[in-house]
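The values are calculated or read from the model by the stated rules, or taken from the named source; none is laboratory data. It should be emphasised that the depicted structure is a prediction, and the values quoted were computed from it without experimental measurement. Don't worry about glycine lacking a Cβ; one is built from the backbone with ideal geometry, like all the others, and counts go over all protein chains shown. Heads up: the accessible areas ignore ligands, DNA and RNA and are worked out on the full protein's heavy atoms, side chains in. Shrake-Rupley method; radii C 1.70, N 1.55, O 1.52, S 1.80 Å.
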Amino acid sequence: MSEIKLNSLGINKAPKDTRVVVAMSGGVDSSVVAALLAEEGYDVVGVTLQLYDHGAALKKKGACCAGQDIYDARRVAEMKGFPHYVLDYESNFREQVIDDFADSYLRGETPIPCVRCNQSVKFKDLLAVARDLGADCMATGHYIQRNVNPDTGRAELIRAHDHGKDQSYFLFATTQEQLDFLRFPLGGWTKDVTRQHAQRLGLITADKPDSQDICFVPNGDYAGIVKRMRPQAQQPGDIVHIDGRVVGKHDGIVGYTIGQRKGLGIGGGVSENNDPLYVVRIDPATNRIIVGPKDALARDILNLKDGNWLIDTPPAPGASPTCALDGEGVDHIPVMVKFRSVMAPIPATLHLDHDGHARIQLNDAQYGISPGQAAVCYINDRMIGGGWIESTAHSVIPLAA
C-alpha cells in the first residue's frame, strides 16, 4: 500500500478524508476558500457566526456577519453542495467585543475590535466548534501566509504576498496551538486572483465589495455607538494645554483620539505663532483632553500588556536573564513593528518579560501612538506576535560629550 502524501492543507490524508471547517463571513474571500476546497474534494463544512442583531444587520450593507452576508454564505454552500451552519454568538460578541470597545473609549484608548473578535470569538469559540465537528483544520479567507519551518517543524505566520491586503496585524493574538489548526489558502494571492476564481466558480459573491466599516458601527460613527452604550461618555470637561491653561471645552472624551488635529473646537491665538494643536493625551480620571504642539506627540517607547509571542518566551524569574528566539540566547530582539494596520513596519528593538509584558524601543520617534492600539512585531516578513499598547513614553537620550 503506497504512502499517502501530504495534501494541499499539509495533512497526511486524502482530501476526501480531510474535514475542513471554513469560517464563512459571507464575503468573496471566505466564499472562494470554501468553494475551492470543495472543488479539490475536501469534506467541507461551512460555518457562519451571527454576531449581532439579525434585524438590524439586514439594514446595513458592506459589513461582515450581517443578515445579507449570512444569506450569501448559505447560497454558496448550497451551490457547491456542502453543509452550512449558522451559529448565534450575539451574546458572546457583545460581551467580549462590543462592551470592550465601549469601555476602551471610556479609558481614553483607541480600540481595535477586529483583533478582539479574532482573539475571543473566531479563533477561540469557533475553533472549539470546528474541533467538535471533527475537523482536521479550520480555513479562513484572511490574507496571511502560514508556513511550516522545516528546521523547527513549527507553523509560522508570514505576511501576505500582497502587502497591501496583508492582515497579519489583526491576527497577532493567534496562539501557536491555534496556528497549528488554522489554514489560510489565500495568503499567496492578490485580491484580483481571488475575484477571478470567484467568477470562474460562479459565486454570487464574486463582485461583492469588501467590507469597510467595523461590522457593528453604522457609517463609521464610533462615538455615536459609545454614547448610546455608555451615556457617561458625553460628560463635558476641559481642554487643557500642556502648559496648564484651559483653552476650551469638550462634550465627552469619546469624541477625541490621540493625534487628532481637526475638530478640537479651540479658537485661534492659543499657541505661539498660531501653530496647530493636537490631542496629546486623554485623561479619563479628570475628564480632560490635553493638547499641545506636534512635538509633544513624539514617542519612541511602547509598553505592552497581554502579549502573544510566536517565538520561544523568556525564562521564569530567577533563571537566565536572556530570552530565547528559536533557541538563540539574546537579551533583545531587533524587529520591525507596526502600531497601525495600514502603516509600513518600522525598525525597533523588542524587550520581552516573563509575565506577558514587553517594551518596544523605536529607532525613531513616531507621532500619534495611542494606548489601546496593538503593536505587532516582525522579523523580515515573519509575524512573531505583539501586544496591546498600555502606555507610551519619549526617552531622553543625553548628548555625547
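Observations, loosely collected:
- Taken together, the criteria place GLN176 among residues that are surrounded by fewer than 19 Cβ atoms within 10 Å (Cβ to Cβ) and either on the phi < 0 side of the Ramachandran plot or modelled with pLDDT under 95 (or both).
- Just one of (1) open to solvent by less than 30 Å² (accessible area, probe 1.4 Å); (2) modelled with pLDDT of 95 or more fails for ASP43. It is (1).
- Which numbered condition PHE123 misses (of (1) within 17 Å of the chain's Cα centre (by Cα); (2) in contact (Cβ under 8 Å) with a residue 60 or more places away in the chain): (2)
- Close pairs from segment 21-43: first without any contact (Cβ under 8 Å) to a residue 60 or more places away in the chain, partner of a type in the set (D, E, K, R) and open to solvent by 10 Å² or more (accessible area, probe 1.4 Å), Cβ under 6 Å, at least 6 apart: ALA38/LYS80; GLY41/LYS16; ASP43/ARG19
- Looking across segment 304-353, the residues that are outside any strand (DSSP E or B) and at pLDDT 70 or above come down to LEU310, ILE311, ASP312, HIS332, PHE339, ARG340, SER341, VAL342, MET343, ALA344, PRO345, ASP353.
- If the condition is being surrounded by fewer than 21 Cβ atoms within 10 Å (Cβ to Cβ), within 24 Å of ILE384 (Cα to Cα) and among the aliphatic types (A, V, I, L, M), then segment 129-155 contributes VAL148, ALA155.
- In segment 276-304, the residues that are closer than 24 Å to ALA348 by Cβ and free of Cβ contacts under 8 Å to residues at least 12 places away in the same chain: ASP295
- Within segment 119-128, the set of residues being modelled with pLDDT of 90 or more and buried (at least 17 other Cβ atoms within 10 Å of the Cβ) comprises LEU126, LEU127.
- Within segment 192-211, the set of residues being closer than 21 Å to SER8 by Cβ and surrounded by fewer than 17 Cβ atoms within 10 Å (Cβ to Cβ) comprises VAL193, GLN196, ARG200.
- Hits in segment 98-156 (condition: closer than 28 Å to ILE258 by Cβ and aliphatic (A, V, I, L, M)): ILE98, ALA102, LEU106, ILE112, VAL115, VAL121, ILE144
- On inspection, HIS197 does not qualify as assigned to a loop (DSSP other than H, G, I, E, B), under 21 Å from THR18 (Cβ atoms) and touching a residue at least 60 places away in the same chain (Cβ under 8 Å).
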